[in-house]
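Structure first, commentary second.
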Amino acid sequence: MNNIPDIIIAVDGNSSTGKSTFAKMVASEFGFLYLDSGAMYRGVTLAGLEAGVIADGKIDEAALLPVMEPLNLHFRREEGATKLFLGERCIEKEIRGWEVSQYVSPASAIPQVRNWVDNKLHAFAAGGRVIMDGRDIGTTVFPNAELKIFMTADPAVRAQRRYEELLQKGEKTTLEEVQENLKDRDYRDSHRPTSPLRQAPDAYVLDNTHMTLHEELVWTLGLLQGKFGILESPGLSC
Ligand code: DC
């Protein structure tokens, strides 16, 4: 039984707070389409790299725009997961690679790139029943989203989580380096001129410093039930 209405849920917050894990879990639990806005910025960056207009530490902005305009970037559901495609090609792996990660932050700061991604996200969400995560979804992309969640956690806990994730991937780093990097990203995310990371005034704050994923899900269910007057409780699978 699922009596959650067809709404748009916007999930924003600091990096390494588990936004995408949370959004994917809510999507699968309540039958929503999950859209990863960061993946769209990664897709544009990958296309720029492949076209040679992003290279040698530089982004040729004027040349990137005509590369981006005709791109057929879209999400498809495959094996229960939402994946990013460029035309018929699944680019989910490539967009998570080191090279894309190096350039995606400056690429996502270009206003025309943000505008292009926002328009695509609007088109994807036209059917409703969507959960989207990012940095500006509840403030800029979907200011009228029916439910806005802002995720945060203690910086020390976020750094520890990120550090363990990187170790698992086999990357060599230190906890101090990760802490510095997070501090830097928090600063850049919240101080950039276009769409800085801000908590929407009507967002519900989810501080998951001391929460398990299951507890996050129970919290969300409570929120949805309260907000939409749902009395009957769907059983949670996890
Ligand atoms: O969440 P992520 O690491 O995949 O995001 C990739 C980049 O895109 C990151 O630099 C932040 C940026 N981003 C953004 O500016 N706005 C969004 N809505 C989502 C991501």
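Inside the stretch 20-30, can you point out the residues that are under 24 Å from residue 230 (Cβ atoms) and within 11 Å of the ligand (Cβ to nearest atom)?
Within the stretch 20-30, 23 is the sole residue that qualifies.
Those residues that are under 13 Å from residue 14 (Cα atoms), in a helix (DSSP H, G or I) and not aliphatic (A, V, I, L, M), I need them from the stretch 151-160; list them, please.
Listed by number, the residues that qualify are 155, 158.
Can you tell me which residue in the stretch 89-104 is modelled with the highest pLDDT, limited to those that are more than 9 Å from the ligand (Cβ to nearest atom) and among the basic types (Lys, Arg)? Give the derivation first.
Taking the stretch 89-104 and keeping what is more than 9 Å from the ligand (Cβ to nearest atom), we get 89-94, 97-99, 102-103.
Then drop every residue that is not among the basic types (Lys, Arg), which leaves 89, 93.
Numbers: 89: 97, 93: 91.
Ranking the candidates gives 89 first.
Quick check on residue 194: is it in contact with a helix residue (DSSP H, G or I) (Cβ under 6 Å, 6 or more places away or on another chain), modelled with pLDDT of 90 or more, on the phi < 0 side of the Ramachandran plot and β-branched (Val, Ile, Thr)?
no
Of all residues in the stretch 157-180, which are loosely packed, with under 12 Cβ neighbours inside 10 Å, farther than 25 Å from residue 211 by Cβ and modelled with pLDDT under 90?
170, 171, 172 - these are the residues of the stretch 157-180 that are loosely packed, with under 12 Cβ neighbours inside 10 Å, farther than 25 Å from residue 211 by Cβ and modelled with pLDDT under 90.
In the list 136, 186, which residue meets the criterion of being among the acidic types (Asp, Glu), within 16 Å of the ligand (Cβ to nearest atom) and farther than 24 Å from residue 8 by Cβ? Walk me through it before giving the result.
Details: 136 fails: farther than 24 Å from residue 8 by Cβ.
Just a single option satisfies the conditions, and that option is 186.
Please pick out the residue among 183, 148 that is within 16 Å of the chain's Cα centre (by Cα) and either modelled with pLDDT of 90 or more or in a helix (DSSP H, G or I) (or both). Let's see the steps before the verdict.
Working: 183 fails: within 16 Å of the chain's Cα centre (by Cα).
It is 148.
The values are calculated or read from the model by the stated rules, or taken from the named source; none is laboratory data. Predicted model only: the values in this text are computed from it and were never measured. In this analysis, Cβ positions are derived from the backbone assuming ideal geometry, glycine residues included, and neighbour counts consider all displayed protein chains.
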